[in-house]
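The values are calculated or read from the model by the stated rules, or taken from the named source; none is laboratory data. All of these numbers come straight from a predicted model, not from anything done at the bench. Cβ coordinates were reconstructed from backbone atoms using ideal geometry, including for glycine residues, and neighbour counts include every protein chain displayed. Ligands, DNA and RNA are excluded from the accessible area calculation, which covers all protein heavy atoms including side chains. Shrake-Rupley method; radii C 1.70, N 1.55, O 1.52, S 1.80 Å.
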Amino acid sequence: MIGRQDGAALIGAVLGMVILSLLGTVSLTLAIHEIEGSRAAHEDAAVLHLAEAGSDLIVQRFHDPQAGGDAVLGALFTKRYELADGTASFFDAQGKSQFAGSQDHPDFMLDAAIPEHDRLLNDPAVGWFRSLRSLGRLLRLKVYGPVRPGLLCTVEATAGVGGLTRTLSVQLGARTIPPLRAAAQIGGAPDGTGTEEPLPVLVHWGDLKMRGPVRLGRPEDTPIKTQLAPISELSYADMIQRQDRWLDLFVGGEALFDPSASGISGSPPSNVFPNQEPSPGLREDRWDYALMKQYALLYGTYYVPDREGLLYRDGKVEPGLGLTPEEVFGSEAVGDHHGLVFVDTLDQQPPVPGNLATLTIETDYAEGIFFVNAHLRLKARGNGKPVPALSPPPEGSAPGGSLARRVPVQLTGIHFHGVLFTAGDIVMEGQPRLFGALVTGGRVMRASQTAGPFELWFNDDLRSGLVRGFPLVYVAPGTLQERS
């Protein structure tokens, strides 16, 4: 009996071990499958994300064609058509996109099988997409004509992670924002006067346009236009003779000059063109209030002012929510771009003399697209920031001219970087400097004899309607698809 019981116990123990072993094997197999499934799911998500990111970064190249310093690639992402009004466009007069290639014969392709292309796609030191290196590799990138009429192009990105490869395509569209073809456009006094003191605005690299009569000081104070002028960061105050390659001054009324240093009134410089109104006109570029307000509500930030000069985001005028203009406009460093900032009138209606607030902006540096329906008091504080810039191409080039013909310059002491567009007057303290463009509906004046001048360098990209901080090119809704 004892032997039989011992045998049964042994058999039971063996069976238990076999069952436990089987359970362990099943658990281990399930765990392996779960790990493999999780890894596959992770790789699948990563490869799709990498392909989507490749498309997104093509969109970024449209907004910054000179990124990477490659003139050939930069030209691809630059508007190539010049319309009848002189503006640059991605589309011809019939609305046909400049991208006309096909999937088999694209306008542009990078293929990682080609070592030079692989460096651009995947080398973290020189590649376009260095921030994506940890995910996997971009294998191919194509840009060709749009499938849907009215859109800009198709972007097709192929990416690989582990053993997985995915290809995604999207259609890109383009929004239109009017170009700014002058460095400074100044409205002047509403009654056509305002000639008491010389205009305290100095312009480099572009045109200055001003309504009404304007006093320009002594003839020698107006920079002459010459192709021999150096292309540099020098202020006019640091030049022995003030000169520039691109500056023309167009005045709606009389251009008034004070006697020269010798006491003799000489001929005005040849780059001053007075009495432009009514014919042939100043050809001003004025952004539309309603359109820019709509863009701000969709893609930027929208503020309503009060009479004390505080700003309320999204129009919520409540105690404790008001922000100072410095909090809204100020940037910590170069690259801290606010995008489109729209400040409305007091009654949220189109600007007229009676509904403009007065804002005081005291800042060391502000970067953005500032569409301000108010009077501004600018206080340039501190030394500003050094800002990298490209000179315009040689005069006579089409908008968006070759990047190879534009000279890189490091501008110093910049307080405003972007576009400053105001419906009212500007009164300034200190010596503000701007890289971009200035547009005012009113006058530009000094708060005291020690203030100014307001000195600015034109960003020629604005002449092509390329306004950084605004989504010029976008992924058209409903066009994302995976290709086999």
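Some values worked out for this structure:
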| item | result |
| --- | --- |
| Check on G162, at positive phi and open to solvent by less than 10 Å² (accessible area, probe 1.4 Å) | no |
| Which listed residue, of L411, L456, is open to solvent by less than 10 Å² (accessible area, probe 1.4 Å), in contact (Cβ under 8 Å) with a residue 24 or more places away in the chain, farther than 17 Å from L180 by Cβ and within 19 Å of the chain's Cα centre (by Cα) | L411 |
| Test: residue in the range 390-405 that is touching a Pro at 6+ places or on another chain (Cβ under 6 Å) and either of a type in the set (V, I, T) or buried (at least 20 other Cβ atoms within 10 Å of the Cβ) (or both) | yes |
| Any hit, the range 379-386, residues being under 15 Å from F416 (Cβ atoms), under 16 Å from the mean Cα position of the chain (by Cα) and among the small types (G, A, S) | no |
| Strands (runs of 3 or more DSSP E) enclosed by the range 390-484 - at least 3 residues per element that are at pLDDT below 90 and of a type outside the set (V, I, T) | 481-483 |
| Residue within the range 274-296 that is of a type in the set (G, A, S), surrounded by 10 or more Cβ atoms within 10 Å (Cβ to Cβ) and within 20 Å of A374 (Cβ to Cβ) present | yes |
| Residue that is modelled with the highest pLDDT [pool: residues in the range 169-201 that are open to solvent by 50 Å² or more (accessible area, probe 1.4 Å) and among the polar types (S, T, N, Q)] | T176 |
| Selected residue (only one of P223, P259, P213, P149 is farther than 25 Å from T450 by Cα and out of contact with any Cys (no Cβ under 6 Å at 6 or more places or on another chain)) | P149 |
| Unique match (being open to solvent by 40 Å² or more (accessible area, probe 1.4 Å) and out of contact with any helix residue (DSSP H, G or I) (no Cβ under 8 Å at 6 or more places or on another chain)) among S270, S235 | S270 |
| First in the range 467-481 and within 11 Å of F62 (Cα to Cα) and in contact (Cβ under 8 Å) with a residue 12 or more places away in the chain, second anywhere and open to solvent by 40 Å² or more (accessible area, probe 1.4 Å) and of a type in the set (V, I, T), Cβ under 6 Å, 6 or more apart | none |
| Residue list for the range 61-110, restricted to those being assigned to a loop (DSSP other than H, G, I, E, B), under 17 Å from K142 (Cα atoms) and at pLDDT 80 or above | F77, T78, Q98, F99, A100, G101, S102, Q103, D104, H105, P106, D107 |
| Only listed residue being assigned to a strand (DSSP E or B) and either within 19 Å of G436 (Cα to Cα) or open to solvent by 50 Å² or more (accessible area, probe 1.4 Å) (or both), chosen from E318, E367 | E367 |
| Qualifying residues in the range 328-357 (those that are open to solvent by 60 Å² or more (accessible area, probe 1.4 Å) and either touching a residue at least 60 places away in the same chain (Cβ under 8 Å) or of a type in the set (D, E) (or both)) - the one farthest from G300 (Cα to Cα) | P353 |
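Conditions (1) in a loop (DSSP other than H, G, I, E, B); (2) of a type outside the set (S, T, Y), marked per residue:
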| residue | (1), (2) |
| --- | --- |
| G253 | yes, yes |
| S260 | yes, no |
| E277 | yes, yes |
| M292 | no, yes |
| Y295 | no, no |
| R307 | yes, yes |
